[in-house]
1. Looking only at the range 1-35, which residues have a backbone nitrogen under 13 Å from a spot 7 Å from the Cα of Thr64 in the C-beta direction?
2. Given R₀ = 30 Å, what would the calculated FRET efficiency be for Val5 paired with Tyr83, taking r from the Cβ atoms and rounding to 0.05?
3. Can you list the lysines whose alpha carbon is less than 25 Å from that of Lys84, not counting same-chain residues fewer than 8 positions off?
4. Along each of the three principal axes of the Cα atoms of the chain, give the extent in whole Å, ordering the values from largest to smallest.
5. Carbon and sulfur together cover what percent of the accessible area of the range 1-77 at a 1.4 Å probe radius?
6. Quote the charge dipole size of the chain about the Cα centre in Debye, to the nearest 20; the model charges only the Cβ of Lys and Arg (+1) and of Asp and Glu (-1).
7. Please name which of Pro26, Ala55, Val68 has its Cα lying farthest along the dipole of the chain towards the positive end, using unit charges on Cβ (Lys, Arg +1; Asp, Glu -1) and the Cα centre as origin.
8. Long-range amide H contacts for Val67: which residues qualify at under 5 Å (H placed 1.01 Å from N, peptide plane, sequence gap of 5 or more or a different chain)?
Amino acid sequence: IESLVRQAAAHHNKLSITLVSSAFLPFAYSWLCNVRLAGFQPPGPITWVTTDAVAELSLRQLKTGNVVRLKHELSTNGTGHDYKTAGYWSLMLSRTLLTRELLVRGVEVFLFDLDQVWIRNPWTYV
């Protein structure tokens, strides 16, 4: 947490956070390409939150933003996150707790999902 707070401090106390498992890596690659092509980036550095080693390694190789790997007992190699399962809800709770810890420390958090479609720059509305 403290490392993320320091990184946010270097970017006007802002971080953008999204959750990625290995199953969602194609969404992450697509999202990055589309945002770059559209010419806008989220505020502060992107923080990729993951729970599996495959996603962690792949995201670190992108060298775009920060990678945080959560210890998540209900995750097995990127699986266990199917919607409405215990693993999914546990993962959402972990993401929420991480976001809360950052907010308490004064970090402005822009939380987004990779399956969102941005037709125009959303920052003018935030």
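The values are calculated or read from the model by the stated rules, or taken from the named source; none is laboratory data. Since this is a predicted model, take the numbers as computed values, not measurements. Please note: Cβ atoms are built from the backbone with ideal geometry, for glycine as well, and neighbour counts cover all protein chains shown. Quick note on the areas: whole protein, heavy atoms, side chains included, nothing else; ligands and nucleic acids left out. Shrake-Rupley method; radii C 1.70, N 1.55, O 1.52, S 1.80 Å.
1. Once the point is set 7 Å along Cα→Cβ of Thr64, 18, 25-35 turn out to lie under 13 Å by backbone N, inside the range 1-35.
2. 0.45
3. Correct list for Lys84: Lys71.
4. 37, 32, 27
5. 56
6. 300
7. The one lying farthest along the dipole's positive direction is Val68.
8. So Val67 has HN proximity to Trp48.
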